[in-house]
Amino acid sequence: MLVKTARGTKDIRALWMEKGIVKAIDQRLLPDQLRIVSIRTPREMAEAISNMTIRGAPSIGAAGAYGMALAWQRKESLIKVSVILIKTRPTAYDLSYAVNLMLERCDEDLVKEASAYADRIVDKCKRIGENGAKLIKDGSRILTHCNAGALATVDFGTALAPIRVAHRAGKKVFVYVDETRPRLQGAKLTAWELLNEGIDHAIISDNAAGHYMKDSVDLVIVGADRIARNGDFANKIGTYTKAVLAKENWVPFYVAAPISTFDPSMSTGKGIIIEERSEDEVLCVGDCRVAPRGSKALNPCFDVTPVKYVKAFVTERGILKPSEISSFMRSK
């Protein structure tokens, strides 16, 4: 991803491995501070995933692969480490997919295997961008939710990848960036990426999306954390609301995700585990409590959107209609 610094513009990834140590952007500090943290042990990696230093399904998958590589280097039990890593974020399928892939390849050099896995994610995201850019016309106004950019996917992005490709091809685009409560990944992370890329955008409150969809949004593109065989999918809380609003206002709704996000073990979205996070994320803004003392909060991290709201899935293998998902999953 392009990042502007005092020394000029750099092209960096969200995480990578260097001399046996995993380096990662601490996403909790953005947009105020760009800090690279060093992760040396599998447990440090589990904590980085759990506390959202590293977030976004494909990036979490890469983190899981790197966590297994750290265990391999330290000659720790790969099975025990795999259980610890997978438990950190139960909704995202990429995490268990990557960790189990490293288990299958335990006789190989897992440092090389994990780095190759991360490279494949980046390549897939570039192809998602190339395929999805065909949906974006010059002058398109696009709404997106949460952060499905380079930060969430090692590099390039899923939902943001088509926007990046269209912009770099010279198309004029405008992006409505949902703030994405309660952690504000849209306002903090997506806006930061778009600003560094030079893409025109504006942050909107989550409950303003319907207002703009009535006559100002041409298409919606979101990412996904897990996609069932029938096309139901889990994504950041609030995605379901956007999908319903899009259908009501005749706005095409697209899901961008790599094949590793498709879970063949899930027949429908009803079986997807929804992670519940701390109620403090809802009751507080930063370190400041905004709710009355004694009030409690519910904080589901994701919701499941039924496939009937999805116009198409943008993948590295092309654009798939919902009716094509089942047969595609069987041939995966």
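The values are calculated or read from the model by the stated rules, or taken from the named source; none is laboratory data. Keep in mind the model is a prediction, meaning the values are calculated, not measured. Note that we place each Cβ from the backbone using ideal geometry, even for glycine, and neighbour counts take in every protein chain shown.
Of note:
- Looking only at region 1-50, and only at residues there that are closer than 27 Å to Ile86 by Cβ and touching a Phe, Trp or Tyr at 6+ places or on another chain (Cβ under 6 Å), the one that is surrounded by the most Cβ atoms within 10 Å (Cβ to Cβ): Val22
- Selection status of Ser38, hydroxyl-bearing (Ser, Thr, Tyr) and touching a Ser or Thr at 6+ places or on another chain (Cβ under 6 Å): no
- The lone criterion from (1) closer than 23 Å to Arg317 by Cβ; (2) in the same structural domain as Ala224 (by TED's automatic domain parsing) left unmet by Arg141 is number (1).
- Pick from region 260-309, criterion among the aromatic types (Phe, Trp, Tyr) and modelled with pLDDT of 95 or more, ranking: farthest from Asp155 (Cα to Cα): Tyr309
- For region 266-332, the strands (runs of 3 or more DSSP E) that sit wholly inside it and include 3 or more residues that are in contact (Cβ under 8 Å) with a residue 60 or more places away in the chain and either surrounded by 12 or more Cβ atoms within 10 Å (Cβ to Cβ) or under 20 Å from the mean Cα position of the chain (by Cα) (or both) are 302-305, 312-315.
- Comparison of Asn100, Asn131, Asn147 shows that the only residue that is of a type in the set (S, T, N, Q) and free of Cβ contacts under 8 Å to residues at least 24 places away in the same chain is Asn100.
- Search result, residues across region 154-172 that are among the hydrophobic types (A, V, I, L, M, F, W, C), more than 23 Å from Ala63 (Cβ to Cβ) and surrounded by 23 or more Cβ atoms within 10 Å (Cβ to Cβ): Ile163, Ala166
- Residue that is nearest to the chain's Cα centre (by Cα), among those in region 69-83 that are surrounded by 20 or more Cβ atoms within 10 Å (Cβ to Cβ) and within 23 Å of Ile274 (Cα to Cα): Ser82
- Filter pass, Asp123 being of a type outside the set (S, T, N, Q) and either touching a Cys at 6+ places or on another chain (Cβ under 6 Å) or part of a loop (DSSP other than H, G, I, E, B) (or both): no
- Checked against the criterion of being touching a strand residue (DSSP E or B) at 6+ places or on another chain (Cβ under 6 Å), of a type in the set (Gly, Ala, Ser) and over 22 Å from Ala234 (Cα atoms), the candidates Ser115, Ser82 yield just one match: Ser115.
- Scanning region 138-168 for residues that are of a type in the set (A, V, I, L, M), under 11 Å from the mean Cα position of the chain (by Cα) and in a helix (DSSP H, G or I) gives Ala150, Leu151, Ala152, Leu160.
- Residue that is nearest to Lys188 (Cα to Cα) [pool: residues in region 11-68 that are in a strand (DSSP E or B) and either acidic (Asp, Glu) or not assigned by TED's automatic domain parsing to the domain that holds Asp109 (or both)]: Asp11
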